[in-house]
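The values are calculated or read from the model by the stated rules, or taken from the named source; none is laboratory data. On a predicted model such as this, the values are computed, not experimentally measured, just so you know. Cβ placement follows ideal geometry from the backbone for every residue including glycine, while neighbour counts extend to all protein chains displayed. Remember, those area values only see protein heavy atoms, side chains included, never the ligands or the DNA or RNA. Shrake-Rupley method; radii C 1.70, N 1.55, O 1.52, S 1.80 Å.
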Amino acid sequence: MTTSRAVPALLLSAVLASGCVRSYRSEPPLDFQDFSYTSLDGQPWPLQRVPLPKTAETYQMASVPQVAYVELNPTGARTLVFIHGLGSYLKFWRYQLDAFAQQGYRVVAVDLPGYGKSDKPATFPYTMEAMADVVREVVQTLGVERPLLVGHSMGAQTALSYAIRYPEEPAALVLTSPAGFEKFSDKEKRWFRRSLTSAFIKSSPEYNIWGSVRQANFSRWRPELEWLIEERVRVVGTPAFDAYAYANVRTVDGLAHNDFVRENLGRVQAPALIVFGEEDRLIPNPFLHGGWARDIMAYGHAGLRGSSLVGLEGCGHSVQLDCPKEYNAAVTTFLGKLAPAP
């Protein structure tokens, strides 16, 4: 660990030891299924599950997996499909789902395989193309035509894979702090395989979790976001965590193999918004490349014909949580400029 990265870790450790922030390691385990999926005012979202027989057949899975999803305002004229990022789940769209449903959109948010309240099968490949197939099957099962795909980080790379392979289907893309634009060499891809293991994820001390969540993803941390820490710390002791950790390891390998997306951006037909935090500390990869997120996003902007690029000042990687007001305004403006649904 370099000095610049060791200092924040030591500070976080000292803060936890001092009692300045709450520690959750002594709390009882909290299963994924017990996570609270609610609106900002505490109203439970209607959680549903859908089987994926096409995905099971395509990837020769031993059994048909199911994924969890939330649907709001099902009579809305146009459908926004929210796709979460690595290590997260649909609750990471907590500041968006109700807000856009209230604007009249039909809103669907999915927990991808391996994450949240969805099944976590070891036989699922966890590539971005497989993730895109899952989203497409959910969309088709729900009878959604011309979805507006809204993805964060890994979810944005998933949305890009969807739009590249099935270019006539999405009506638009909202790419939030998107993965998929940064180039990784073969040596760097091997580094990803070596550096992240299930054992490493399971053994992370609480101060590392505080660092990976608060320090790496946010520029405007607020106490109301502590559920992110609590759920991540308390879920470690549950039976499903091993499968979740394995899914993360496989997914990181899938994310690094992003040549398909990088080399085929020109196939995307849907209008696209790239919205990101100017203070993103995860893109570009700080261990391998360093630099500025804007440079990476500019590559994607140049490759996506007619796309819009919006950087939000003072915002981090999880920009939809870090700066929800500014983020929602940028997305609302973009959606308002789209051609009316046929």
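The residues listed here are Tyr105, Tyr126; of these, the one that is open to solvent by 10 Å² or more (accessible area, probe 1.4 Å), modelled with pLDDT of 95 or more, over 11 Å from the mean Cα position of the chain (by Cα) and aromatic (Phe, Trp, Tyr) is Tyr105. So Gly42 passes all but one of these: (1) open to solvent by less than 60 Å² (accessible area, probe 1.4 Å); (2) in a strand (DSSP E or B). Which condition number does it fail? In the conditions (1) open to solvent by less than 60 Å² (accessible area, probe 1.4 Å); (2) in a strand (DSSP E or B), Gly42 misses (2) alone. For region 45-73, filtering for residues that are assigned to a strand (DSSP E or B), open to solvent by less than 60 Å² (accessible area, probe 1.4 Å) and either of a type in the set (A, V, I, L, M) or without any contact (Cβ under 8 Å) to a residue 24 or more places away in the chain (or both) leaves 5. Any residue at all in region 27-37 that's without any contact (Cβ under 8 Å) to a residue 40 or more places away in the chain, open to solvent by 90 Å² or more (accessible area, probe 1.4 Å) and in a loop (DSSP other than H, G, I, E, B)? No, region 27-37 contains no residue that is without any contact (Cβ under 8 Å) to a residue 40 or more places away in the chain, open to solvent by 90 Å² or more (accessible area, probe 1.4 Å) and in a loop (DSSP other than H, G, I, E, B). Only one of the numbered conditions (1) in contact (Cβ under 8 Å) with a residue 60 or more places away in the chain; (2) hydrophobic (A, V, I, L, M, F, W, C); (3) buried (at least 17 other Cβ atoms within 10 Å of the Cβ); (4) out of contact with any Pro (no Cβ under 7 Å at 6 or more places or on another chain) is not met by Trp191, and that is (3). In region 218-240, the qualifying residues are those that are assigned to a loop (DSSP other than H, G, I, E, B) and of a type outside the set (D, E, K, R), and the one that is farthest from Cys315 (Cα to Cα) is Pro239.
On the basis of being of a type in the set (A, V, I, L, M, F, W, C) and closer than 23 Å to Ala216 by Cβ, does Ala302 make the cut? Against the criterion (of a type in the set (A, V, I, L, M, F, W, C) and closer than 23 Å to Ala216 by Cβ), Ala302 does not qualify.
Evaluate region 161-177: report whether one residue or more is under 20 Å from Val249 (Cβ atoms) and modelled with pLDDT of 95 or more. Within region 161-177, one or more residues are under 20 Å from Val249 (Cβ atoms) and modelled with pLDDT of 95 or more.
Inside region 157-178, residues that are touching a residue at least 40 places away in the same chain (Cβ under 8 Å) and farther than 23 Å from Gly104 by Cα make up a count of 10.
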